[in-house]
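S.K.: Okay, here's the structure, questions in a sec.
Derivation of every value follows stated rules applied to the coordinates shown; laboratory data play no part. Values in this document were obtained by computation on a predicted structure and should not be read as measured data. As a convention, Cβ positions derive from the backbone with ideal geometry for all residues, glycine included, and neighbour counts pool all protein chains shown.
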Amino acid sequence: MIYLILGMMVSFLLNMVNNEIEVSNIHIEPTKFVALTFDDGPGPYTDKLLDFLYEYNIVATFYVMGFAVSRREDTFIRTVNLGHEIGNHTWLHENLVDITTEEGIKTYTKTSDLIYNLAGIRPQTARPPFGALDEEVEEMHEYLGYPIILWSVDTRDWETRDAYEIYNETMANISDGSIILMHDIHKSTYEAIRKIIPSLIEMGFGFKTVSDLIGDMQPGNIYRRGN
Ligand code: NI
């Protein structure tokens with residue numbers, strides 16, 4: 001009798017192992033890669049977004065504002081600890097074309113210093129607010145050592161504030177190497193990402209940080225996609 005029970009237990013355990021193997025067999029291996037980028041945060045929805053990304057084992061890039069980091073230090077530190085990339089998006093979303101080079105250096109440096117003090121890292125890339133650039137601003141990025149990261153897919157999430165629209169805009173424009181622009185300060189963006197990520201995985205997409213997606217970068221140069 002005891003052998004029968006033991007035998008049943010062994011076969012039950014083997015079944016569990018087999019099921020696990022079956023599950024891993026239907027895992028879709030990505031054949032193309034994109035970078036999700038979230039600007040202007042941390043915001044009220046960043047923690048929920050981080051939970052969701054963790055569930056899917058996905059890393060993204062956060063172009064944080066220094067001021068927003070100062071208001072949500074714990075969320076920011078959590079973002080770093082979860083392995084996401086941090087980019088510099090100025091202290092208070094200044095339009096760099098409209099301010100002096102000295103002020104531009106100050107807003108980026110103040111943000112980088114806060115990030116360093118909280119997490120011991122410094123952002124390796126920057127994204128100028130509004131994507132606003134001129135020759136002087138580009139040279140300032142070169143001086144600060146920042147490659148300039150723009151985007152190839154504008155989800156227009158800040159404008160529509162509608163999860164369905166954000167989803168459609170993303171799906172209509174996505175391709176291998178896309179850098180996707182979103183903002184983790186809107187609820188609709190969080191709702192959209194819950195639909196976007198499973199769809200992209202099903203389409204064979206994987207997710208990388210901006211630095212991993214692009215690879216070699218030069219300070220002052222402009223990048224809109226990974227290839
Ligand atoms: Ni922004």
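S.K.: How far is it, in nm, from the label point at residue 135 to the one at residue 156 when both lie 7 Å from their Cα along the line to the Cβ?
M.R.: 3.4
S.K.: Turning to a different aspect of this structure: Sequence neighbours fewer than 8 away in the same chain don't count; with that in mind, list the lysines whose C-alpha is under 20 Å from residue 32.
M.R.: Cross-link targets: 195, 208.
S.K.: Suppose R0 equals 22 Å. What FRET efficiency, 1/(1 + (r/R0)^6) with r the Cβ-Cβ distance, do residue 82 and residue 175 give to the nearest 0.05?
M.R.: 0.25
S.K.: Rounded to the nearest 500, what is the chain's calculated 222 nm mean residue ellipticity when only DSSP H runs of at least 4 contribute -39500 (n - 2.57) each, over all residues? Before the final figure, lay out the partial values.
M.R.: Values: 10 runs with 114 residues, N = 227.
Rounded to the nearest 500, the figure is -15500 deg cm²/dmol.
S.K.: Separate question: For residue 201 and residue 168, FRET efficiency with R0 = 22 Å and r from the beta-carbon atoms, rounded to 0.05?
M.R.: Approximately 0.80, to the nearest 0.05.
S.K.: Give me the Kirkwood hydrodynamic radius of the range 115-220 in Å, from all C-alpha pairs, to one decimal place?
M.R.: So the Kirkwood estimate lands at 15.4 Å.
S.K.: Now, a different point. With the radius of gyration and the Kirkwood radius both derived from the Cα set of the range 24-145, what is their ratio Rg to Rh?
M.R.: For the range 24-145, the value is 1.03.
S.K.: Viscosity 1.002 mPa s, temperature 20 °C: give me the Stokes-Einstein translational D for the chain in µm²/s, with Rh taken as the Kirkwood radius over C-alpha pairs.
M.R.: 114
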